[in-house]
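Encoded as structure tokens, the structure appears first; notes follow it.
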Amino acid sequence: MMPLQSLAAAAPTPDGYLLVLAIILPATAIVALVGLGGRGAAGIVLATLAAQLIIAIRVLSLVWQSGAPVVYVIGGWDPPLGIALRADGISAVMMLTSAVIFSAAAAFAWKDYRPPRWSPETRGSLVFWSALLAMASALNTLFTSADLFNLYVALELLTFAAIPVVSLKGSAETLRAALRYLIFAVFGSMLYLLGIVLLYGAYGTLDVSSLAELIRPNAATLVAAALVTVGLLAKTALFPFHLWLPPAHAGAPAAGSAVLSALVVKGSLFLLMRLWFDTFPSLRDPAAMQILAALGAAAVIVGSVMAIRQARLKLLVAYSTVAQIGYMFFVFTLVPVLPGESWIAASAWTGGWLQIVSHAFAKAAMFLAAGLVAEALGHDRIRDLAGLGKQLPLIVLTFAMSGISLMGLPPSGGFSAKFMLLVAATAEGHWLWATVIIGGGLLAGIYIFGVLARMLAAMPDGTAVAEIGRGRQLITFALAGVALLLGFLPLEPMALLQIGRMP
Amino acid sequence: MTEQVFDAALALLVMGVGAWSMMAGRITSAVIIFIVYGLLLSLVWVRIAAIDVALTEAAIGSGATGMLLIAAAYKTGRESGARETVSGSLHVIAVLLASSVALGLASLAFVLPGEPVSLAGDVLRSLPDSGLGNPVAGVLFVYRSFDTLLEKIVLLVALLGVWSLGSDRDWGGIPGLKPFAQKHSVLVLLARTLPPIGLTYAIYMTWVGADVPGGAFQGGTVLAAMWVLVMLAGVRQIPRLSSPALRAAIVAGPVVFLAIGFLGFVSPGQFLAYPQGFAKPLIVAMEIALTLSIGVILGLLSAGPSNGKDAR
Amino acid sequence: MSGPLLFWLAGSALIGLGVYGITVNRHPLRKLLALNLLGSGVFLLFGVIARRGAAAGLGGDPVPQALVITGIVVAFSATAIAIALLSQLQSKAGRTSLDDEPPDEEDRS
Amino acid sequence: MLDLFSVACVLGGAILFMAGTIGLLRFPDQLTRLHALTKVDNLGLGLIVLGLLPQFGWLTGVKLFCTWLLVQLSGAIVTQLIGGAIRTREPRR
């Protein structure tokens, strides 16, 4: 028998407890919400969200200052027996992104799902806030956990929290969307679990960093990597597994859709990138990576074309998510397998993460804007959007701003991201992918300008527009603003995103 | 030799019954066959020396899951008698895909790296410190208690997911589980005689779980079964979902678990680490609270969301 | 053939059956059964790996065994949510098919 | 001698189970199937428990006996319930 010692012994850092708090505080808050039956719910939710933000900022600054990951070993049991948490540069960036978007979504939803202070709880408020907090807990686990099975539990927690948000309205349509989502997602996690079962059988550890050193390209490992990849793709809704996404994301209440599209799909995507770049780098066969890029390209095209054909605004925005996810898969082939021109790899890497972050902000803004439009007009049929430009100019402006980032026009985070991916693609001679990156932007232009043109058209007589509070418009506007401001980051590979990456 | 014949027969039987449950004509038959499959599977777990898993599979994988599936099959199965499948060419592709997956995995049995890996030695080396005798309980509550904690949150979120399907108006009301309409005196008899025995058994399961196979999940499932029996027989009123006592029972396990986790920050200084010498009493306290919570949550998962019109 | 090897083969077959069941069946409850079958096959493979790791006087490696217990509970949670969705769908729509209904113009969102 | 007793009892129980299973599969209607199942179930399990008793200490023996008792109780009641359900569905036969 060969008892494997932890090879990359994780050395805990002094402030590592922040990572465990980022996961456990929201979980504790859910327990409190259920146990107290609505008493003090508002305070619990606010305190937890504030703590999330503070922890995320603190972790980011720690990683930034020390240039090294923050590590925590739970219960003091080193891997492979125990579980370690580890936040590197990308984890810290994603934690902050999710904390900001959760706070914005919470502020947006406060009006509709106001958690009671002392009055009895209601269905919407308990379910919505518990689900939101559970998603925050699960995402922080996904961003920081270094244990493959722990990540499986987190993936499931994320799905089970997302399901009630999808079906919160309770119509047959949303129930069906939720059920289809659940079946896809559980199928995906079963494949993922099967993959890690094989990895444990081959290497006797589930610790991400130990595995990186042990892994050899043998049959069991390749099958495991393939299963893990397919499983996570199903959860990330990459073409051809995208069918569940649009009805699920479009059916949720606006704040829920924003979180689902901006963050929840990124959970499994984050894990996929972490595994391929940090744990399986030795398995990165160029041909296999080309398959991922090809699926990404197909997603960009199919998602955009479907978005153009939609008659309903929320479905259009949801299909746009299918397309935007596709871009992130170019990173798999653009970061070269062999260490070559390192600036190309770094550029593609930064471009990919910038795409994830700026899409999160732009898409959250766009879903919230679509929710406000639906609330103002009582419907979200695109052909009947005329006159909004006069009635709700701020919403139209927000929609345009987030659209700029999704299309990849300057100055926006989406532009910087796509530009860096494009530079890497042309420098490496991937002309096909370069064409898709440009073409995808043009297709995005068609659906976004199509909507804007309707919004700015003259108002037909007799259209009633409901009053929309200023606060929620400003929240939405701020999110779109962040998506644009990300474009002012210097157009060069960011050192932060490289901190703590495996060699 | 006899053992191998038995194992071979068992393996074939499990595969056959599994296939049968996929192919069965009526959906209710498919579900019943699946429950039989679950019981056979727990026998397999016994054969590969995983008694804890065998108990969990029998209790949760077959028992609790089976209870939910049967209820769903009777509710939805009537709409279509026959098994509907995808059309011709897609069917062929699915068969090819499924068989290549099965064959690929099967062939891995012969190429998995020769030297088997195991953490058994590591687990046993540190187990005496915790005072536990059951290595599986050691993994669940000492080394990987973080997984177990998250899994409790998963159960809680699943319960909220089920509750979320009720209507706004009936929120916090009585679940939609229908007590047996007719006066079935035998069911009432069973619901009066069995629970004391079941309760004793559940406590026993949890209590011995620290040292031999058993534990909070298995005990909790027995508890849940007793409660569902009592509710179905109409012996006790099904509680309102907003009842403070019910809520307290739901969160008791997670609260104790979290409290012990935070206690670790104070002594010995790490989340979910146990103070020297206190590991076993803390774990037993945690398991007792968890048994109650798991029992109540599993019972409520089968009782469904509050639903005014079904309650009477 | 040894017991563990036989059960490995059985587990592989169950996973194949599960994949088949999910892809061909239309009724969501049957898909759910297939998912459970697939899951049990995955757990069984893990159990065989645990059995291979029998050491230090134990009949199997306790780490995978404990992970399977957690996995069974998580899979059960998924089944519970799915069944609740299914019965709610049955009450609301009178059927449980996952195929979309013809688009309804009146439906507000 | 005790071993022989055990083998005989367990074997007898196994044969009864086999007979019950055949009855379950071959009998024409639900009530007779139920009959085949319960009669054989109780006696078969009883014989197996009886056969195993001498093989273990007293504590395991008590557990085994309790198992049999519980199966008796639930078997009898569940059979009653199923019988009742059949009666209500097909009132006159």
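On the given criteria, is B:Pro116 more than 27 Å from the chain's Cα centre (by Cα), more than 10 Å from chain C (Cβ to nearest Cβ) and not acidic (Asp, Glu)? Criteria not met by B:Pro116. Out of A:Ala84, A:Ala41, one residue alone is in contact with a Phe, Trp or Tyr (Cβ under 9 Å, 6 or more places away or on another chain), more than 30 Å from C:Leu67 (Cβ to Cβ) and either within 10 Å of chain B (Cβ to nearest Cβ) or crowded, with 24+ Cβ neighbours inside 10 Å (or both). It is A:Ala41. Any residue in region A:327-350 that is in contact with a helix residue (DSSP H, G or I) (Cβ under 6 Å, 6 or more places away or on another chain), at pLDDT 95 or above, open to solvent by 10 Å² or more (accessible area, probe 1.4 Å) and not small (Gly, Ala, Ser)? No: zero hits. For region A:51-104, the set of residues classified as free of Cβ contacts under 8 Å to residues at least 12 places away in the same chain and in a helix (DSSP H, G or I) consists of A:Ile54, A:Ser61, A:Gln65, A:Gly75, A:Gly76, listed by residue number.
Each residue in region A:252-263 was checked for being open to solvent by 10 Å² or more (accessible area, probe 1.4 Å) and more than 11 Å from A:Ala370 (Cβ to Cβ), and 1 of them qualify. In region B:111-118, is there at least one residue being out of contact with any Phe, Trp or Tyr (no Cβ under 6 Å at 6 or more places or on another chain), open to solvent by less than 10 Å² (accessible area, probe 1.4 Å) and in a helix (DSSP H, G or I)? So far as region B:111-118 goes, no, none of its residues is out of contact with any Phe, Trp or Tyr (no Cβ under 6 Å at 6 or more places or on another chain), open to solvent by less than 10 Å² (accessible area, probe 1.4 Å) and in a helix (DSSP H, G or I). With respect to C:Gly41, determine if the residue is more than 7 Å from every other protein chain (Cβ to nearest Cβ) and within 28 Å of B:Val154 (Cα to Cα). Answer is yes for this residue. Residues in region A:241-251 that are surrounded by fewer than 24 Cβ atoms within 10 Å (Cβ to Cβ) and either under 17 Å from the mean Cα position of the chain (by Cα) or at pLDDT 95 or above (or both): A:Phe241, A:Trp244.
For region A:250-259, the criterion of being polar (S, T, N, Q) and touching a Ser or Thr at 6+ places or on another chain (Cβ under 8 Å) is satisfied by no residue at all. Examine region B:277-289 for a residue that is of a type outside the set (A, V, I, L, M) and not in a helix (DSSP H, G or I), and state whether such a residue exists. Yes, the conditions are met somewhere in region B:277-289.
On the stretch given as region A:109-125, residues that are assigned to a helix (DSSP H, G or I) and open to solvent by 10 Å² or more (accessible area, probe 1.4 Å) total 2.
For (1) open to solvent by 10 Å² or more (accessible area, probe 1.4 Å); (2) within 21 Å of the chain's Cα centre (by Cα); (3) touching a residue at least 24 places away in the same chain (Cβ under 8 Å), each residue gets a yes or a no:
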position	(1), (2), (3)
A:Ala106	no, yes, yes
A:Phe128	no, yes, yes
A:Leu133	no, yes, yes
A:Leu139	no, yes, yes
A:Leu157	no, yes, no
A:Gly188	no, yes, yes
A:Ile196	no, no, yes
A:Tyr203	yes, no, yes
A:Leu211	no, no, yes
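Residue selection: A:Arg284 fails the criterion of being surrounded by fewer than 24 Cβ atoms within 10 Å (Cβ to Cβ), more than 20 Å from the chain's Cα centre (by Cα) and closer than 30 Å to A:Val396 by Cβ. In summary, A:Val93 fulfils each of the numbered conditions (1) more than 12 Å from chain B (Cβ to nearest Cβ); (2) open to solvent by less than 10 Å² (accessible area, probe 1.4 Å) with the single exception of condition (2). Residue count for region B:119-136 under the criterion of being open to solvent by 40 Å² or more (accessible area, probe 1.4 Å) and at the interface with chain C (Cβ under 8 Å from one of its Cβ atoms): the result is 1.
Selection of region B:22-55 for residues being over 28 Å from B:Met205 (Cβ atoms) and of a type outside the set (Val, Ile, Thr) yields B:Met22, B:Met23, B:Ala24, B:Gly25, B:Arg26, B:Ser29, B:Ala30. Could you please find all residues in region A:213-240 being surrounded by fewer than 19 Cβ atoms within 10 Å (Cβ to Cβ) and either more than 13 Å from every other protein chain (Cβ to nearest Cβ) or under 26 Å from the mean Cα position of the chain (by Cα) (or both)? Matches in region A:213-240: A:Glu213, A:Ala226, A:Val230, A:Pro240. Can you confirm whether A:Phe361 is modelled with pLDDT of 95 or more and either more than 28 Å from A:Ala107 (Cα to Cα) or of a type outside the set (S, T, N, Q) (or both)? It is true that A:Phe361 is modelled with pLDDT of 95 or more and either more than 28 Å from A:Ala107 (Cα to Cα) or of a type outside the set (S, T, N, Q) (or both).
The values are calculated or read from the model by the stated rules, or taken from the named source; none is laboratory data. Not measured: the values here are computed from a predicted model. For neighbour counting, all protein chains shown are included, and Cβ atoms are generated from backbone atoms with ideal geometry for every residue, glycine included. Note: accessible area is taken over every heavy atom of the protein model, side chains too, but ligands, DNA and RNA are not part of it. Shrake-Rupley method; radii C 1.70, N 1.55, O 1.52, S 1.80 Å.
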